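This report concerns only the one structure given below.
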Amino acid sequence: LATNSVDSAELIDGAVDNSHLAGAVTTDKLGTGAILRQFYARITTNLNTTSTSYVDLGGSITLTPLSTSSKFFITTSIHSYLQNNTGGADAWHTINYQILRDSTVVTGGDVTNGSYGFGRWTADDNDRQMQYVHRQFQDEPATASQIVYKIQVQSRFGYGANFNEFGESSMCILEVQG
């Protein structure tokens, strides 16, 4: 055959695989910032809490990083429903959440500095509100050992908060070449 006489139109599906290439595509051939893998978890378990301590929302993602230099871009969407303020009128009603890598809080949950995931001011005990709360985080675990990411939630001031009662939450993690 003459040079360049065969192009992709003449190849049969599956005719070229890694054994026919000069070198397989590996993560070391990708540049910094390349997306290596994607992980996704749907969280549908209904959680009703008044806890001011963090509790597990349910669902997690277990993964083993491809490299110690991998970074993880985490996107969360939390379905929350703030119930009526049975404690009376005129009060803040808020929820917060945090992401854990194993038992380490990687971001979020900074109530000491006034960071809330979602909040509203209630004028009377008939007020209610429902919405999805979206946030993004980046984690750099610097390990090649298996890790588990999970979400924890709290009712900041102890009023009723429902999660996933009328919807579902999710977490998506992209492993990025470091």
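Observations on the model:
- Of the residues making up segment 137-163, those that are out of contact with any Phe, Trp or Tyr (no Cβ under 8 Å at 6 or more places or on another chain) and modelled with pLDDT of 95 or more are Ala142, Thr143, Ala144, Ser145, Gln146, Ile147, Val148, Lys150.
- Just so you know, in segment 33-61 the residues that are under 19 Å from Thr143 (Cβ atoms) and under 12 Å from the mean Cα position of the chain (by Cα) include one that is most open to solvent (accessible area, probe 1.4 Å), and it is Ser60.
The values are calculated or read from the model by the stated rules, or taken from the named source; none is laboratory data. None of these values were measured; they are calculated from a predicted model. Positions of Cβ are backbone-derived with ideal geometry, glycine not excepted, and every protein chain shown enters the neighbour counts. Calculation scope for accessible area: heavy atoms of the full protein, side chains included, ligands and nucleic acids excluded. Shrake-Rupley method; radii C 1.70, N 1.55, O 1.52, S 1.80 Å.
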